[in-house]
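Below: one structure, written as structure tokens.
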Amino acid sequence: MGPRYCPSIEDKIVRFAHKESHQLFLEPEGWQTTEVYLQGANTSLPEDVQWAMVRSIPALRHAEIMRAGYAVEYDYVLPDQLHAWLETKKIEGLFHAGQINGTTGYEEAAAQGLMAGINAALKAQGKTPLMLGREQAYIGVLIDDLVTQEHTEPYRQMTSRAEYRLLLRQDNADLRLSHLGYEVGLLPKWRYEAVEAKRRAVQQEMERLKVTNISSANGTAQVLADFGLEPIENGVNALQYLRRPEVTYEVIASLVPPPEPLPEPVAEQVSIETKFEGYIAKQQQHVERVQRLESKVIPPDFDYDSIGGLRNEARQKLLRFRPATVGQAGRIAGVNPADISILLVHLERRGEKVGQA
Ligand SMILES: Cc1cc2nc3c(=O)[nH]c(=O)nc-3n(C[C@H](O)[C@H](O)[C@H](O)COP(=O)(O)OP(=O)(O)OC[C@H]3O[C@@H](n4cnc5c(N)ncnc54)[C@H](O)[C@@H]3O)c2cc1C
């Protein structure tokens, strides 16, 4: 199976047979060369067909092909052969990242390379591996998908694969992940402290706004008019007022300025967290519900054969994938909620170690 999102021209001709035309881009390969990359026509058709195809394009009728197109076929490690920290199950101490795990793409490869590197280093230091949750980072979604789902084509990460997109935002990436970077020794202390200072500044400002009222008296109407806003009838709480879609933090800062002007990233965060607070809180509650399952660790040598009542398909899948947590077990295709209930009962009954994932 080829990667779905970069189909070859022979693929496109079948998939988009109804199209009248197809765009190709001539990309110069560099300043010092006359070579051009024919973008949009990647192919592994026989060489004579490639010549005929290129020469059939009027603008390219005299073109020479320097190197014919080709396809690469590669093997990959099946998801049930990988731990969630990217160490292979068969060979302890061997970590895999990127295309060898069945993904395609620069970002996918880079993200896994980072995690495999971190975890190899942690292992060498005798520390517990770092696993990111689906609610914590897109990398968490990527790796969780990789180790719990069977793939029939090269895996590409789409934002739509994440269920907690309200939490996984660019604007809060520093607040979400810096402490982990610092803990594993990748982020210098000053960077970590700067992020924590930002977190405190955001909280402080939100607390100030919570107890600050904007009066409808003197000057307020003029400031609002300057921003093109309607006057307010009665006094209004500053935090509530900021929730209104048309009100920016700049308006608030003009009406009830903080003791010191806020740096732009802090003001942005105050604004986002205030405006979306209700939705974010709702998603957070959902995460907490799911996390109760996610935090139930299944020991790597858990004896699934000893559980009566588990459907055979589920048993086979669980034995094959050996999920690290009950949450992961629930996402394996072929394991249903009833199987999870049985698994939970057994984990608890046997007093298996239940800790944080
Ligand atoms: C033509 C083309 C266009 C692409 N375009 C895009 C794109 O636009 N966007 C996108 O996101 N992705 C694109 N991809 C996919 C992306 O390049 C790959 O998925 C990604 O680079 C894979 O990274 P990796 O680290 O897993 O493997 P690689 O980048 O292949 O790295 C593997 C490395 O291992 C080395 N190696 C192999 N064997 C040995 C050995 N025995 N000893 C030591 N070293 C060895 C290789 O030399 C290589 O450097 C494209 C791929 C191709 C081929």
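The values are calculated or read from the model by the stated rules, or taken from the named source; none is laboratory data. Since the model is a prediction, treat every value here as computed from it, not as a measurement. Ideal geometry is used to build each Cβ from the backbone, glycine not excepted, and the neighbour counts take in all protein chains shown. Side chains included, ligands, DNA and RNA excluded: accessible areas come from the protein's heavy atoms. Shrake-Rupley method; radii C 1.70, N 1.55, O 1.52, S 1.80 Å.
Ranked from largest, the principal axis spans of the Cα set of the range 241-297 equal 50, 22, 14 Å.
For Asn237, the residues whose amide H sits under 5 Å from its own are Ile214, ignoring neighbours fewer than 5 places away on the same chain, with H placed 1.01 Å from N. Applied to the range 275-287, the Karplus parametrisation 6.51 cos²θ - 1.76 cosθ + 1.60 on θ = phi - 60° returns per-residue 3J(HN,Hα) values of 5, 9, 3, x, 5, 5, 4, 4, 5, 4, 5, 4, 4 Hz, with x for Gly and Pro. For the range 79-166, the ratio of Cα radius of gyration to the globular rule of thumb 2.2 N^0.38 Å stands at 1.03. Under 17 Å of direct C-alpha separation, and excluding same-chain neighbours fewer than eight residues apart, Lys296 reaches these aspartates and glutamates: Glu135, Asp144, Glu288, Asp339, Glu348, Glu352. The calculated P(r) of the range 183-283, using every Cα pair and 10 Å bins from 0, goes 14, 43, 28, 11, 4, 1 in percent.
For Ile65, what is the net charge nearby, where nearby means another residue's Cβ is under 12 Å from its Cβ and Lys, Arg count +1, Asp, Glu -1? Net of charged neighbours comes to -2. Dimensions of the chain based on its C-alpha atoms, expressed as ranges along the principal axes with the largest first, amount to 82, 69, 42 Å. For Arg243, the solvent-accessible surface computed with a 1.4 Å probe is close to 80 Å², ligands and nucleic acids excluded. Of the residues Gly219, Thr148, Leu180, the one whose Cα sits farthest towards the positive end of the charge dipole of the range 129-236 is Leu180 (charges of +1 on Lys and Arg Cβ, -1 on Asp and Glu Cβ, taken about the Cα centre).
Under 14 Å from the Cβ of Arg199, count the other residues' Cβ atoms, weight Lys and Arg +1, Asp and Glu -1, and hand me the total.
Working: positive: Arg176, Arg191, Lys198, Arg200; negative: Asp171, Asp174, Glu193, Glu196, Glu205, Glu207, Glu268, Glu273.
Its environment carries a net charge of -4.
Please work out the Cα center distance from the range 135-162 to the range 286-337, rounded to the nearest Å. Cα centroid of the range 135-162 versus Cα centroid of the range 286-337: 18 Å apart. Under 27 Å of direct C-alpha separation, and excluding same-chain neighbours fewer than eight residues apart, Lys189 reaches these lysines: Lys123, Lys127, Lys198.
Quick check: convex hull of the Cα atoms in the range 294-349, volume per residue, rounded to a whole Å³?
That works out to 70 Å³ per residue.
Around Ile118, what is the net charge, scoring Lys/Arg as +1 and Asp/Glu as -1 over all other residues with Cβ under 13 Å from its Cβ? Summing Lys/Arg as +1 and Asp/Glu as -1 gives 0. Note on Lys317: lysines with a C-alpha under 18 Å away, same-chain residues under 8 apart excluded, are Lys89, Lys90.
Working from the Cα coordinates of the range 9-60, the gyration tensor eigenvalues give, after taking √(5λ), semi-axes of 22, 13, 11 Å in decreasing order.
Charges were assigned to the Cβ only: +1 to each Lys and Arg, -1 to each Asp and Glu. The resulting dipole of the range 9-60 about its Cα centre is roughly 240 debye.
Across every pair of non-identical alpha carbons in the range 212-357, the mean reciprocal distance, once inverted, gives a Kirkwood radius of 19.5 Å.
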